[in-house]
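Notes for the one structure printed next.
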Amino acid sequence: MSMKNIENNNETYRPLIVAFCCNWCSYAGADLAGNNRLAYPADVKIIRVPCSCRVNPTFILRAFQRGADGVIICGCHPGDCHYTSGNYYTRRRMSLMFSMLDYLGIERERTRVEWVSAAEGAKFAATMNDFCETVAKLGKNKRLEDLRCKQ
Amino acid sequence: MQRIGVFVCHCGTNIAGTVDVAAVSESLGKEQGVVFSTHYQYMCSQAGQDIIKNAIAEYKLTGIVVCSCSPRMHETTFRKTAAAAGINPYMVEIANIREQCSWVHKDTISGTEKAIILGKAAVAKVNLNAPLTPGETPVTKRALVIGGGIAGIQTALDIADAGFPVDIVEKKPTIGGKMAQLDKTFPTLDCAACILTPKMVDVAQNDKIRIFSYSEVTSVKGFVGNFDVTIKRKARYVKEDVCTGCGACTEKCPQKKVPNEFNLGMDNRRAIYIPFAQAVPKVATIDPDYCMMLKTGKCGVCSKVCTAGAIDYKAKDEYVEEKYGAIVVATGFNPISMDKFDEFAYSQSKDVITSLEFERLTNAAGPTQGKLLRPSDGEHPHTIVFVQCVGSRCDSCSEKGKEYCSKICCMYTAKHAMLTRDKYPDTDVYVFYIDVRTPGKNFDEFYRRAVEEYGVHYIKGMVGKVSPEGKKLMVQASDLIAGKQLHIEADLVVLAAAIEPDKSARPLATMLTASMDTNDFFTEAHPKLRPVESPTAGVFLSGACQGPKDIPETVSQAGAAAAKVIGLLCKDKLTGNPCVAHSDEMMCNGCSTCEKVCPYGAITYVDKEFRMPDRTTRVRRVAQVNEAVCQGCGCCTVACPSGAMDLKGFAGKQIMAEVDAICR
């Protein structure tokens with residue numbers, strides 16, 4: 001708890017956020033947010049994946065291990081998956097994954113699955129603003145960080 | 001060990017305005033594997049591409065990272081550049097530092113930092129890239145057009161003109177769509193039927209075009225060039241190839257009280273019917289909801305009067321399976337329901353009508369033979385109030401209507417107002433508007449004629465309430481320019497209802513895996529540069545299913561969609577996507593988990609002989625991916641418990657490397 005307070009008092013603290021975006025909906029939604037110049041914090045770093053179901057839970061563990069403060073997975077809306085059913089797998093896998101992370105002490109708010117379509121640039125920006133704010137409030141995540149991984 | 005070249009694009013000031021491109025280039029030059037790093041004003045230009053080509057030759061590069069706009073924009077461009085310079089196109093990765101960095105971050109320091117991190121992630125990925133070779137798949141040289149309105153008709157005619165066979169699937173008994181219901185068309189006042197029906201006949205007579213009317217698409221499988229489509233041909237209880245369209249049955253059918261949907265329920269038709277005189281195909285259809293023979297088994301009049309013997313009460317729905325190379329969606333629009341707009345008394349008075357109903361009232365083939373008469377008492381109306389933007393341009397907070405402008409209402413209202421004044425100069429015509437929007441060739445001139453020559457009263461302001469009082473409709477409205485309240489005693493009120501995509505579009509989009517926006521309009525692959533293609537390869541968009549459109553725009557988009565389809569069908573083979581799943585046979589334990597999650601059935605199992613370390617052989621069951629069928633979603637890679645399955649181009653190690661680079 002004390003660690004968090006120190007972090008929060010430090011004004012230069014910015015969270016490190018990894019966003020996995022599916023190529024067909026959310027990555028395009030992020031591009032649309034760009035086209036419309038809808039600002040969100042630079043803390044968000046997007047990794048393009050073909051489908052949200054390509055996101056292996058180990059990627060999320062790895063991100064937290066390497067010091068990410070939040071991980072968000074964005075895919076097409078249920079029913080709209082480019083590959084018909086990929087996002088349904090994401091939804092189930094991630095609810096399991098997130099409850100396990102919760103058990104390990106990674107706050108539930110640090111992980112999120114959102115559905116953002118290619119037409120929802122505004123939703124993408126709003127989601128990222130909200131997620132950054134939520135994670136920033138929680139402060140630095142040290143629970144899973146593996147210092148041996150750091151150079 | 002890779003030899004990587006990094007190329008940072010300024011994109012004029014689009015990137016360089018926020019990101020210190022020189023710093024990005026310098027920083028990425030120090031990354032593992034990078035042997036050359038530079039920046040240039042426009043990497044996608046010929047000069048920029050030449051820089052890449054020359055660097056590939058000079059530094060013997062094996063991998064390329066371009067820090068530029070979205071890969072959705074120029075990935076193909078830079079892959080071609082790499083291929084032209086002799087390296088595998090899949091050794092190129094893009095760091096998206098425009099749409100996802102410089103355009104959304106204002107601050108140069110954080111923007112530059114982020115651009116460097118995104119660049120590092122791309123470099124880390126390229127370090128693990130392997131050359132990929134796409135497979136080839138044959139193209140079925142036949143197109144499917146879903147929807148038989150003017151958009152579908154024009155697309156089909158243009159594709160057929162190029163010599164390719166086309167099938168049109170139309171859910172109604174006839175093609176023609178909304179345009180067949182219209183009277184005149186703006187801004188030239190051509191009669192809609194006079195310009196549409198010859199095209200419908202062209203479709204019927206074209207030996208390259210088949211019409212599946214009264215049919216629906218029920219399933220779509222496959223991918224670009226090779227779609228397997230199931231079409232449900234609904235039972236029409238009339239043999240299509242036998243019926244001559246003489247109409248004897250439609251005159252003798254005793255069931256006379258069926259609301260005629262072609263006239264929007266303003267008159268009745270029989271249970272066996274031909275929607276309108278120029279229907280294509282001109283074949284009768286029995287409405288099973290009203291036919292006494294089908295419901296109770298007692299009647300059979302149509303069968304007795306049909307000299308051709310076309311009636312078949314025992315007909316069943318049939319399912320046809322066809323193969324197509326390309327699919328065009330032309331599902332069109334509908335006016336929205338007026339249920340939520342009861343302030344205009346639509347449900348209370350027959351004399352409050354929508355514009356499409358007005359269209360039928362003025363159409364010579366309509367319920368009044370083209371005489372403008374009030375639906376309630378058949379009298380000639382003397383004061384008509386048109387209300388624009390009913391359900392269009394609504395506040396996003398109110399759940400009543402649509403946020404968007406329906407685009408066609410200003411012009412058709414001007415047309416209705418003008419035609420009314422022309423035919424019946426004794427009528428007073430009022431139009432209430434928020435704005436009059438007339439961007440289009442000869443549109444503003446048309447609107448001004450309505451005001452200046454025909455004396456239509458255009459009033460800026462909205463109608464607040466319409467209340468029926470006796471035979472009159474009391475209209476309360478505000479005149480925003482004069483700043484006063486108006487009370488008008490009207491005989492007829494016409495609502496310009498917003499338009500929305502047809503209800504069939506949403507399930508169809510799911511079948512096609514084509515994306516839609518929040519209003520259920522189909523999304524185009526690029527709003528400016530690829531307006532008639534959906535993001536799903538092989539699926540094209542024509543007409544109002546993509547957004548509100550008038551007839552000239554629909555026809556030009558239909559032609560554009562046809563051109564794209566022709567371009568696709570001209571090819572004998574398509575190069576596939578090489579980013580497909582691949583199973584490591586040494587690690588696979590044949591558990592079938594991947595097979596169960598694969599949405600395409602691309603995974604099969606084979607028994608394979610393996611040599612063991614002790615020189616014995618053992619037969620094991622292992623997964624095999626059919627690369628022509630795999631679409632590369634990667635679902636199986638996560639499901640695989642032994643870690644045998646991986647996705648080329650998006651390998652586990654590559655994504656891990658990206659994660660590491662970002663979190664470093």
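Consider B:ALA156 carefully, then state whether it is within 23 Å of the chain's Cα centre (by Cα) and not basic (Lys, Arg).
yes
Looking only at the stretch B:463-506, residues that are buried (at least 16 other Cβ atoms within 10 Å of the Cβ) and under 32 Å from the mean Cα position of the chain (by Cα) come to 11 in all.
If I ask for residues that are at the interface with another protein chain (Cβ under 8 Å from one of its Cβ atoms) and in contact (Cβ under 8 Å) with a residue 12 or more places away in the chain, which ones from the stretch A:66-81 would you list?
To start, the set of residues in the stretch A:66-81 that are at the interface with another protein chain (Cβ under 8 Å from one of its Cβ atoms) comprises A:66-68, A:76, A:79-81.
Those that are at the interface with another protein chain (Cβ under 8 Å from one of its Cβ atoms) and in contact (Cβ under 8 Å) with a residue 12 or more places away in the chain: A:ARG66, A:GLY67, A:ALA68, A:CYS76, A:ASP80, A:CYS81.
Examine the stretch B:105-121 for a residue that is within 11 Å of another protein chain (Cβ to nearest Cβ), assigned to a loop (DSSP other than H, G, I, E, B) and in contact with a Gly (Cβ under 7 Å, 6 or more places away or on another chain), and state whether such a residue exists. The answer is yes, given that some residue of the stretch B:105-121 is within 11 Å of another protein chain (Cβ to nearest Cβ), assigned to a loop (DSSP other than H, G, I, E, B) and in contact with a Gly (Cβ under 7 Å, 6 or more places away or on another chain).
Considering only the stretch B:193-219, state which residues are in contact (Cβ under 8 Å) with a residue 60 or more places away in the chain and of a type in the set (A, V, I, L, M). Once the filter is applied, which keeps residues that are in contact (Cβ under 8 Å) with a residue 60 or more places away in the chain and of a type in the set (A, V, I, L, M), the stretch B:193-219 yields B:ALA193, B:MET200, B:VAL201, B:VAL203, B:ALA204, B:ILE211, B:VAL217.
Within the stretch B:233-290, being touching a strand residue (DSSP E or B) at 6+ places or on another chain (Cβ under 6 Å), buried (at least 16 other Cβ atoms within 10 Å of the Cβ) and of a type in the set (Gly, Ala, Ser) holds for B:ALA271, B:ALA284.
Checking the condition of a type outside the set (Val, Ile, Thr), away from every other protein chain (no Cβ under 14 Å) and over 21 Å from B:VAL126 (Cα atoms), which residue from B:ALA639, B:ALA558, B:ALA644, B:ALA602 passes? Step through it out loud before you land on a result.
Numbers: B:ALA639 fails: away from every other protein chain (no Cβ under 14 Å); B:ALA644 fails: away from every other protein chain (no Cβ under 14 Å); B:ALA602 fails: away from every other protein chain (no Cβ under 14 Å).
From the options B:ALA639, B:ALA558, B:ALA644, B:ALA602, the qualifying one is B:ALA558.
Number of residues in the stretch B:428-463 that are touching a helix residue (DSSP H, G or I) at 6+ places or on another chain (Cβ under 6 Å), outside any helix (DSSP H, G or I) and aliphatic (A, V, I, L, M): the value is 4. A residue that is more than 35 Å from the chain's Cα centre (by Cα) and not in a strand (DSSP E or B) occurs nowhere in the stretch B:260-276. Among the residues making up the stretch B:148-172, those that are within 15 Å of B:ILE231 (Cβ to Cβ) and part of a loop (DSSP other than H, G, I, E, B) are B:GLY148, B:PRO165, B:GLU170, B:LYS171, B:LYS172. For the stretch B:126-168, name all the residues that are in contact with a helix residue (DSSP H, G or I) (Cβ under 6 Å, 6 or more places away or on another chain) and charged (D, E, K, R). The answer is B:LYS141, B:ASP158. The number of residues in the stretch B:200-216 that are out of contact with any Leu (no Cβ under 8 Å at 6 or more places or on another chain) and part of a loop (DSSP other than H, G, I, E, B) comes to 4. Please verify whether B:ASP312 is touching a Lys or Arg at 6+ places or on another chain (Cβ under 8 Å), at pLDDT 95 or above and surrounded by fewer than 20 Cβ atoms within 10 Å (Cβ to Cβ), treating the condition exactly as stated. Taking the combined requirement at face value, the residue satisfies it. From the list B:ALA277, B:ALA284, the one residue that fits, being modelled with pLDDT of 95 or more and in the same structural domain as B:ASN519 (by TED's automatic domain parsing), is B:ALA284.
Inspect the stretch B:108-129 for any residue being touching a Pro at 6+ places or on another chain (Cβ under 8 Å), within 20 Å of B:GLY632 (Cβ to Cβ), in the same structural domain as B:GLN49 (by TED's automatic domain parsing) and modelled with pLDDT of 95 or more and give the result as yes or no. The answer is no, given that none of the residues of the stretch B:108-129 is touching a Pro at 6+ places or on another chain (Cβ under 8 Å), within 20 Å of B:GLY632 (Cβ to Cβ), in the same structural domain as B:GLN49 (by TED's automatic domain parsing) and modelled with pLDDT of 95 or more. Restricting the stretch A:39-56 to residues that are closer than 15 Å to A:TYR88 by Cα and in contact (Cβ under 8 Å) with a residue 40 or more places away in the chain leaves a set whose member that is farthest from the other protein chains (Cβ to nearest Cβ) is A:SER52.
The values are calculated or read from the model by the stated rules, or taken from the named source; none is laboratory data. This is a predicted model, so every value here is computed, not measured. FYI the Cβ positions are ideal-geometry reconstructions off the backbone, even for glycines, and counts take in every protein chain you see.
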